[in-house]
């Protein structure tokens, strides 16, 4: 066949073209292009060589340029893009990965690659590990929302960090007596829209963040460190916003009042001020006060009435102290992997190793036996490294972060103070330790 072609007359439009078989320059350029493409596909090829069953999964697709993704994967991403046009879509991280045909848990690097691929298609995810958020677990709530397509990693300001704290606290109030009502959700969304000191992208991310927090409210213990970084003026503005949120549907329930009392203590604002704020807001709204039952159909006017929040003032107050930025920045830093921890034996484990029967440990401040033992071990020292505490939790078959949150929540309910402070090292409140030993 090729001999026949060699004897065929050359069409006129091909005349004047160089014969690449006789020159080396073009061949070298083509070979360079081929080598570059082969390098880009090498990781994908090696991955499928080890995991042939993963072909078509998001795990494999993330090793390909987006232009080479298979049609079914492209179709799923386009479907997500259409869905988020109507507003944030809340799901779990596990369900999202299942929809994208994940073959298992994704590494942090692959999650970053996934977020970049979605961002190129105009889809953003909250929480975003590129912004310092923790790696989401399969059961964790996430929100997909629309953003202008971009290849850049999103940036958020210190003002956004303050706004996120306000949204977290408002979500806690809104869900204190069950599911948040549409009116409460709408109020928070409207307030975020009014925060003109934030960029449009930051406001969109905050509204998605709000939906995540409403689906999976944060704990008070997890918010304490972030509150400590704020000035008194900012704390006061936040308190007013929370009162407005609680009264958004017309009635402040006892559960909401109890949570507000706890938050006011964390904000270091006198509880009497809370009742004054509730009274003033109730009068402004024209409602009857605190009740145990919510009205069946709250009026739409409740959303826009009430206290006037000045978010621009919050931004100005936040800049008054240079230390706030650094302290807030630390809050969202992803924990780095720790070296293999030294083994810290608990009394129960030591007794088992000696062949003795472990003595039952009395429950402490309403905790179960495992968490009571964790708390007793925790207060035996003034400070722990995270690696050491991880070993303690492992011996008790507990997850470290969950155990710390649970004992701190119990301590806040019992003493209005958490037991621990800091992430690594973990400092133990010595006053509470002495109370436990008494």
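Read the figures in this text as sums done on the coordinates, not as results from a lab. These figures come from a predicted structure and were not determined experimentally. Glycine gets a Cβ as well: all are built from the backbone with ideal geometry, and neighbour counts include every protein chain shown.
Key figures for this structure:
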read-out: Cα-based convex hull volume of the range 26-154 per residue, rounded to whole Å³; value: 122
read-out: Largest to smallest principal axis extent of the C-alpha atoms in the range 168-245, angstrom; value: 31, 30, 20
read-out: Length added when fully stretched, residue 72-residue 430, from 0.36 nm per residue minus Cα-Cα; value: 123.1 nm
read-out: Where labels lie 7 Å past Cα in the beta-carbon direction, separation of residue 182 and residue 107 in nm; value: 4.7
read-out: Highest average packing first - 60-70, 98-108, Cβ atoms within 10 Å; value: 60-70, 98-108
read-out: Extension gain from residue 150 to residue 268, taking 0.36 nm per residue of separation minus the Cα-Cα distance; value: 38.3 nm
read-out: Whole-Å distance, taken between Cα centres, linking the range 65-105 and the range 388-438; value: 39
read-out: Förster radius 51 Å - calculated FRET efficiency between residue 32 and residue 139, Cβ distance, rounded to 0.05; value: 0.60
